[in-house]
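Peer 1: Take this structure, written in structure tokens, and hold onto it; I'll ask about it next.
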Amino acid sequence: MVTEYLGAGEGAEQVAATEARKREERALERQARREELAREGEIDRALDALGAQLRELSASVLRAHGYHPHRGTWRRKRHGQRTQDDGPGGPGEIP
């Protein structure tokens, strides 16, 4: 912190009041930014939770339709294995 002597009298008081207002404005801006970052953090956490739920739901649907994860991708089961969803006309057709 640096202190600067402004003298005495009305002019010095005005300068001091102006400087005090500027400090208060900067403090309010910092507080507003902290609050904004907190809100953004809440939104990020909510989106992360939603994304996790969607990944779980997608995996459940894919598994139910005969797919399995393989090295980061989803593949249909092979070797003539039929799943419960395979109807008489082929995969995914309603019997």
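Computed from the coordinates by the stated procedures, all read-outs in this text should not be read as laboratory data. Worth saying up front: this structure is predicted, and the values here are computed from it rather than measured. Methodologically, a virtual Cβ is constructed for each residue, glycine included, from the backbone with ideal geometry; neighbour enumeration extends over all protein chains shown.
Peer 1: Restricting attention to the stretch 56-72, which residues are over 28 Å from the mean Cα position of the chain (by Cα) and small (Gly, Ala, Ser)?
Peer 2: Of everything in the stretch 56-72, those that are over 28 Å from the mean Cα position of the chain (by Cα) and small (Gly, Ala, Ser) turn out to be Ala64, Gly66.
Peer 1: Next question. Taking into account only those residues within the stretch 4-49 that are over 38 Å from the mean Cα position of the chain (by Cα) and of a type in the set (A, V, I, L, M, F, W, C), which is surrounded by the fewest Cβ atoms within 10 Å (Cβ to Cβ)?
Peer 2: If we take residues in the stretch 4-49 being over 38 Å from the mean Cα position of the chain (by Cα) and of a type in the set (A, V, I, L, M, F, W, C), then Ala8 is surrounded by the fewest Cβ atoms within 10 Å (Cβ to Cβ).
Peer 1: Mind checking which residues of the stretch 4-53 are of a type in the set (Ser, Thr, Tyr) and assigned to a helix (DSSP H, G or I)?
Peer 2: Thr18
Peer 1: For the stretch 54-78, which residues satisfy the criterion of being part of a strand (DSSP E or B) and surrounded by 10 or more Cβ atoms within 10 Å (Cβ to Cβ)?
Peer 2: Answer for the stretch 54-78, where residues must be part of a strand (DSSP E or B) and surrounded by 10 or more Cβ atoms within 10 Å (Cβ to Cβ): Tyr67, His68, Pro69, Trp74, Arg75, Arg76.
Peer 1: Give me the pairs, please: first residue somewhere in the stretch 56-68 and closer than 15 Å to Arg78 by Cβ, second residue anywhere and of a type in the set (Asp, Glu) and surrounded by 14 or more Cβ atoms within 10 Å (Cβ to Cβ), beta-carbon distance under 8 Å, and either six or more positions apart or on two chains.
Peer 2: Gly66/Asp86
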